[in-house]
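Colleague: Take this structure first; my questions come after.
The values are calculated or read from the model by the stated rules, or taken from the named source; none is laboratory data. Keep in mind that this is a model prediction, so the values were computed, not measured. For neighbour counting, all protein chains shown are included, and Cβ atoms are generated from backbone atoms with ideal geometry for every residue, glycine included. When the accessible area is computed, the model is the full protein with side chains, heavy atoms only, and any ligands, DNA or RNA have been set aside. Shrake-Rupley method; radii C 1.70, N 1.55, O 1.52, S 1.80 Å.
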Amino acid sequence: MTKAEIVSDIYQKTGIEKVVIQTAVEEFMDVVKDAMISGENVYLRGFGSFIIKKRAEKTGRNISKNTTILIPAHNIPAFKPAKTFMSEVKEGTKTK
């Protein structure tokens, strides 16, 4: 599902103007992104958490040159779904 499809789906369910919905969706994404860039996790009860995972320093290989390289420690963004969300996806049904 694309951002445009999300906007259309919300429009069909609520009747709110698409421009307003698109602005709200984009602002939500900006808020989540800015929070994670500043090192904060974002928790949405019943949906899931946008978290920062820390990757340790490790040694990798450049197989074309047959050399080892050092990959420094770094952070990556991740999403951890809530338990209720996970069970709904597994079952293929929505509970409310």
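Colleague: Return the only residue of Lys80, Lys90 being under 26 Å from Ala4 (Cα atoms), open to solvent by 100 Å² or more (accessible area, probe 1.4 Å) and either touching a Gly at 6+ places or on another chain (Cβ under 8 Å) or in a loop (DSSP other than H, G, I, E, B) (or both). First the steps, then the outcome.
Modeller: Numbers: Lys90 fails: either touching a Gly at 6+ places or on another chain (Cβ under 8 Å) or in a loop (DSSP other than H, G, I, E, B) (or both).
Lys80 is the lone residue from the list that is under 26 Å from Ala4 (Cα atoms), open to solvent by 100 Å² or more (accessible area, probe 1.4 Å) and either touching a Gly at 6+ places or on another chain (Cβ under 8 Å) or in a loop (DSSP other than H, G, I, E, B) (or both).
Colleague: Moving on. Within the stretch 25-74, how many residues are touching a residue at least 24 places away in the same chain (Cβ under 8 Å), open to solvent by 80 Å² or more (accessible area, probe 1.4 Å) and in a strand (DSSP E or B)?
Modeller: 1
Colleague: May I ask you to list the residues in the stretch 12-24 that are in a helix (DSSP H, G or I) and open to solvent by 100 Å² or more (accessible area, probe 1.4 Å)? Please lay out each step first, then the result.
Modeller: Taking the stretch 12-24 and keeping what is in a helix (DSSP H, G or I), we get 12-14, 18-24.
The answer is Gln12, Lys13, Val19.
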